[in-house]
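As structure tokens, the structure follows; a few thoughts come after it.
The values are calculated or read from the model by the stated rules, or taken from the named source; none is laboratory data. Remember, it's a predicted structure, so these values are computed and weren't measured experimentally. All Cβ positions, glycine included, derive from the backbone under ideal geometry; neighbour counts span all protein chains shown.
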């Protein structure tokens, strides 16, 4: 078995893809002509987005979650957390936690994307 992709639900898939391209420097892999589904190149595992409207029509009863009490996060690894944080904020991300050095040797920061999802920007964990 192989972990292939994560699909997050969004009001506007095209706008969400554009945000992730600008905020995190990701490349678009695919956007369906309907605009209801798209993917970003993130290595072997894809980060995908599906519209709330499509998921509702499929009977999935999607929720964008509670921004005050997130139940998951996605993380992007970089060697320049502070620089990537500035880029994400300029693209419209909302600051949750500024750059912080953790006791286990990792540097982290947190933002919310335009759909309210929690995104960690982090360095690799030090050995």
Exercise for the section: Could you tell me which residue of the stretch 64-80 is farthest from the chain's Cα centre (by Cα), considering only residues that are in contact (Cβ under 8 Å) with a residue 40 or more places away in the chain and assigned to a loop (DSSP other than H, G, I, E, B)? Expected result: 79
Practice task
Please work out if residue 77 is closer than 23 Å to residue 12 by Cβ and at pLDDT 95 or above.
Solution key: no
Practice task
Say whether the condition of being crowded, with 18+ Cβ neighbours inside 10 Å, at pLDDT 95 or above, part of a loop (DSSP other than H, G, I, E, B) and over 12 Å from the mean Cα position of the chain (by Cα) is met by at least one residue in the stretch 38-53.
Solution key: no
Handout entry: Out of 98, 35, 83, sole residue that is surrounded by fewer than 16 Cβ atoms within 10 Å (Cβ to Cβ) and part of a loop (DSSP other than H, G, I, E, B)
Key = 35
Fill in the blank from the handout: Scanning the stretch 54-74 for residues that are surrounded by 11 or more Cβ atoms within 10 Å (Cβ to Cβ) and more than 19 Å from residue 12 (Cβ to Cβ), the one modelled with the highest pLDDT turns out to be 73
Completion exercise
Within the stretch 101-122, the count of residues that are surrounded by 15 or more Cβ atoms within 10 Å (Cβ to Cβ), in a loop (DSSP other than H, G, I, E, B) and more than 16 Å from the chain's Cα centre (by Cα) comes to 1
